[in-house]
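To start, the structure under review is shown below, and the notes come after it.
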Amino acid sequence: MKMTIRYNSTTYNIDSNTGIDISIPVNFNENLNPKFYDTSYPQRQYYKEGNREYNIKKGAGCNVPMITMNIHCSGTHTETANHIINDAPMISDIDNLNFIPSQLISVNPEINSNEKYHADSDNEDRVITKNQLEKLINPNTFTESIIIRTNPNDIDKKIKNYNSHHHPYLSNEAIEYLKEIKVKHIVIDTPSIDKYNDGGKLGNHKIFFTNNDNSTNHNTVTELVFIPNECIDGKYFLCIGVPNFKLDAAPSKPIIYKVN
Ligand SMILES: [Zn+2]
């Protein structure tokens with residue numbers, strides 16, 4: 001289906017069949033998922049009533065699976081301010097997560113960055129800096145969402161254990177810059193926009209999810225995506241794809257549509 005989107009007095013044509021899914025599939029009962037802190041993996045069992053198990057393989061008329069998963073720690077998910085602040089908007093409170101004007105950028109995180117971070121940095125820390133973002137982002141258009149691909153972009157991001165391989169994170173200045181240019185949605189292929197262990201402060205999350213008057217906002221952060229190399233940097237429309245969960249986060253299936 002050909003679609004026409006009018007945004008900032010320009011008309012864009014996209015084809016609804018060309019969307020690219022940048023989520024990581026959720027495997028159940030198989031040790032095939034990224035891991036951050038929690039090393040368990042998503043589990044599925046089938047609803048049981050007396051002797052009957054609602055599983056077609058066991059002779060039932062339909063499958064009725066029940067799942068257990070750690071939303072933040074085992075795959076692609078989208079979170080809100082409620083992740084760090086009580087009474088802040090939940091996933092179910094966020095509207096208009098479709099066809100968000102976005103820019104996809106690829107970053108080579110810096111070692112020994114001199115930008116500020118709210119916790120001590122270690123020698124091998126890799127940091128995404130404001131200085132880099134300023135060079136990669138056009139601040140005038142398509143800034144509602146920034147989709148960040150970190151290099152190297154290995155396929156093992158889909159199954160990586162981030163407890164032994166710490167991910168790159170953003171400097172505080174980088175997050176402040178994103179807020180300054182009015183980014184509302186960050187999408188990133190790491191498990192967090194903060195350092196692996198920042199002492200529980202989640203400082204970048206706090207900066208991004210609060211306004212200057214300290215009130216909370218309707219921003220979102222989507223973590224643990226995988227952006228295939230075939231998606232080139234540039235402008236996209238993004239549909240985040242979340243269920244209506246009354247929670248701080250939900251598994252998500254972001255789809256991006258290239259703008260020509
Ligand atoms: Zn999270």
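Each value in this text was obtained by applying a stated rule to the coordinates, not by laboratory testing. None of the values given here were measured: they were computed from a predicted structure. Please note: Cβ atoms are built from the backbone with ideal geometry, for glycine as well, and neighbour counts cover all protein chains shown.
So here's what we get for this one:
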| read-out | value |
| --- | --- |
| Residue in segment 220-250 that is nearest to the ligand (Cβ to nearest atom), counting only those that are farther than 25 Å from Asn17 by Cα and part of a loop (DSSP other than H, G, I, E, B) | Asp248 |
| Qualifying position, being closer than 19 Å to Ser106 by Cβ, in contact with a Phe, Trp or Tyr (Cβ under 8 Å, 6 or more places away or on another chain) and not in a loop (DSSP other than H, G, I, E, B), among Tyr177, Tyr257 | Tyr257 |
| Pair list, Cβ under 6 Å, 6 or more apart: segment 109-122 residue of a type in the set (Lys, Arg), other residue surrounded by 11 or more Cβ atoms within 10 Å (Cβ to Cβ) and outside any loop (DSSP other than H, G, I, E, B) | Lys116/Asn172; Lys116/Glu173 |
| Cβ-Cβ under 6 Å pairs, at least 6 apart or on other chains, segment 179-202 side farther than 22 Å from Asp233 by Cβ, far side more than 10 Å from the ligand (Cβ to nearest atom) and in a strand (DSSP E or B) | Asp194/Tyr169; Lys195/Tyr169 |
| Within segment 76-89, tally of residues that are more than 17 Å from Leu32 (Cβ to Cβ) and part of a strand (DSSP E or B) | 2 |
| Inter-residue pairs, beta-carbon under 6 Å, first surrounded by 15 or more Cβ atoms within 10 Å (Cβ to Cβ) and in segment 8-29, second aromatic (Phe, Trp, Tyr), 6+ apart | Ile14/Tyr257; Gly19/Tyr257; Ile24/Phe226 |
| Of residues in segment 222-241 being among the β-branched types (Val, Ile, Thr) and buried (at least 22 other Cβ atoms within 10 Å of the Cβ), the one nearest to the chain's Cα centre (by Cα) | Thr222 |
